[in-house]
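Engineer: To start, I am sharing the structure in question, which I have written as structure tokens.
Derivation of every value follows stated rules applied to the coordinates shown; laboratory data play no part. Note that the structure is a prediction, hence the values are computed from the model and not measured. Neighbour counts run over all protein chains shown; Cβ positions are idealised from the backbone, glycine included.
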Amino acid sequence: MAFKDGVKGKGGMPDTFRMQDHHPRKLRIALLHGLIFGSFSEDVPPIEAYLGEEISSRIERVLSGRTPAVLGRFTQVLPNNWKLYMENVKDPYHASILHLFFTTFELNTLSQDGAIIVDDSGGHHVSYSAIDREAQKDLEYAKQQIRSESEYKLADPSLLQGFDEYHDGVTLQIVSVFPTFVLQQIQNAIAVRQIVPRAIDKTDVNWTYIGFTDDTPEKRLTRIKQGNLVGPAGYISMEDGCVGGFVQLGIAGASGQEAVLEMGGSQAQSSESRVTEASVRGFWKAYRSNMGL
Ligand SMILES: [Fe+2]
């Protein structure tokens, strides 16, 4: 504090003033498998209680027992509200329709084994699936008459040749923690996404791609290659960078209308089918509860 004791014995703070009674607001932090969570709230419960066992174990699955190493980071600027991005992350139903790369190369289709976990608050979710490499061509998509049929082949298939990291067959797992945290495992591409609201129609996504300190050079190279699947120009997720902006423009012209989120019913519960918007309904349930709506 400048001139705390005044100048030439005059002015300044009184002797009774105690600096320690006027410190900056303290950020409460919690460490979890190399991640750091923070809150200015005194009322937030400990991180393990906030997440609950089911969500914690899914973060543990990806990160625990190893020391993360940052492979790269960048910020993606989205032309939409942060809540539209969180809806996108939580919606397992759009991924194999919007992201043509997924279905073209059969990385994520809704007929694969998988499930959705929604915690009791509704705010956190996990979506996971397993590629069945022995499966026949997925006929469900042909029946829907959506743009999933293709004879395309990757010129360099090494992009998708990863290593068995978790020994549970799960090749894709997305975890979201209310309100703005995402942990992604797509094959061996692991990333943390921190969603930062900047304006009503502007959101930053801070991406951090990670590997682990004990990765061999081959594993490190695989992670970096597969990192091309995600991010603003990602083979899979490039569409997520603009689709929120399209939705936001549509909403602006329909402020008196309501969205329908009834895929999979009206509850916000875990389900073995990923043809559901349960985790999106869960997000709004938690949002309304937190905002007193
Ligand atoms: Fe997406």
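Engineer: Checking the a/c ratio against 1.5 first, then a/b against b/c, what shape does the Cα gyration tensor give for the range 63-106?
Structural biologist: oblate
Engineer: Taking a point 7 angstrom from the Cα of E42 along the C-beta vector, which residues in the range 1-33 have backbone N less than 11 Å away?
Structural biologist: Only 26 pass the distance filter.
Engineer: So what's the net charge close to T222: Lys and Arg +1, Asp and Glu -1, counting the other residues with Cβ under 10 Å from its Cβ?
Structural biologist: +1
Engineer: Right, something else. Does the range 167-247 classify as rounded, prolate or oblate by the C-alpha gyration tensor (a ≥ b ≥ c root eigenvalues; a/c under 1.5 gives rounded; else a/b over b/c gives prolate, otherwise oblate)?
Structural biologist: Verdict is prolate for the range 167-247.
Engineer: To continue, here is another question. Taking a ≥ b ≥ c as the square roots of the Cα gyration tensor eigenvalues, with a/c under 1.5 meaning rounded and otherwise prolate when a/b beats b/c, else oblate, which class fits the range 223-293?
Structural biologist: Values: a/c = 2.15, a/b = 1.37, b/c = 1.57.
Oblate is the answer for the range 223-293, as a/c is 1.5 or above yet b/c matches or exceeds a/b.
Engineer: Between helix 240-252 and the chain, what is the angle of the helix's C-alpha long axis to the longest principal axis, kept within 0 to 90° and rounded to the nearest 10?
Structural biologist: That helix lies at roughly 80 degrees to the long axis.
Engineer: Within the chain, what is the longest stretch that has no trypsin sites (Lys or Arg not before Pro) placed in a DSSP loop and near at most 13 other beta-carbon atoms within 10 Å?
Structural biologist: 154-293
Engineer: Between G72 and residues 5 or more places away or on another chain, which pairs have amide H atoms under 5 Å apart, with H built 1.01 Å from N, and which residues are they?
Structural biologist: Y209
Engineer: Pairs of Cα atoms under 8 Å, at least six residues apart: use those to get the relative contact order of the range 48-130, whole percent.
Structural biologist: 27 percent
Engineer: In percent, what relative contact order does the chain have, based on Cα pairs under 8 Å that are 6 or more apart in sequence?
Structural biologist: Averaging sequence separation for qualifying contacts and normalising by length gives 24 percent for the chain.
Engineer: Sticking with this structure for a sec: What list of ³J(HN,Hα) values in whole Hz, one per residue of the range 186-202 in order, does the Karplus curve 6.51 cos²θ - 1.76 cosθ + 1.60 (θ = phi - 60°) give from phi, with Gly and Pro shown as x?
Structural biologist: 10, 6, 9, 8, 10, 8, 9, 10, 10, 9, 10, x, 10, 7, 4, 10, 8
Engineer: If each DSSP helix of 4+ residues adds -39,500 (n - 2.57) and the sum is divided by the residues in the chain, what number results at 222 nm, nearest 500 deg cm²/dmol?
Structural biologist: On the way: 8 runs with 81 residues, N = 293.
Calculated from helices alone, the mean residue ellipticity at 222 nm is -8000 deg cm²/dmol.
Engineer: Write down the Kirkwood hydrodynamic radius of the range 150-293, to one decimal in angstroms, obtained as one divided by the mean of 1/r over all alpha carbon pairs. Walk me through the numbers before you get to the answer.
Structural biologist: Details: mean 1/r = 0.0555 Å⁻¹.
18.0 Å is the Kirkwood radius here.
Engineer: Treating the angle as unsigned and between 0 and 90°, give the value, to the nearest 10°, between the Cα long axis of helix 278-291 and the longest Cα principal axis of the chain.
Structural biologist: So the helix axis and the longest Cα principal axis differ by about 20 degrees.
Engineer: Principal axis lengths of the range 14-88 from Cα atoms, whole Å, largest first?
Structural biologist: 54, 36, 27
Engineer: Next question. Would you mind calculating the gained length between F3 and H33 on full extension (0.36 nm times residue separation, minus the Cα-Cα distance), in nm to one decimal?
Structural biologist: Result for the pair: 6.4 nm of gain on full extension.
Engineer: Measure nothing but the geometry: give the 0 to 90° angle between the long axis through the Cα atoms of 47-63 and the longest principal axis through the Cα atoms of the chain, rounded to 10°.
Structural biologist: On a 0 to 90 degree scale, this one is about 50.
Engineer: Could you work out the longest stretch of the chain that avoids the chymotrypsin sites (Phe, Trp or Tyr not before Pro) located in DSSP loops with at most 12 other Cβ atoms within 10 Å?
Structural biologist: Counting at most 12 other Cβ atoms within 10 Å as exposed, the longest clean stretch of the chain is 167-293.
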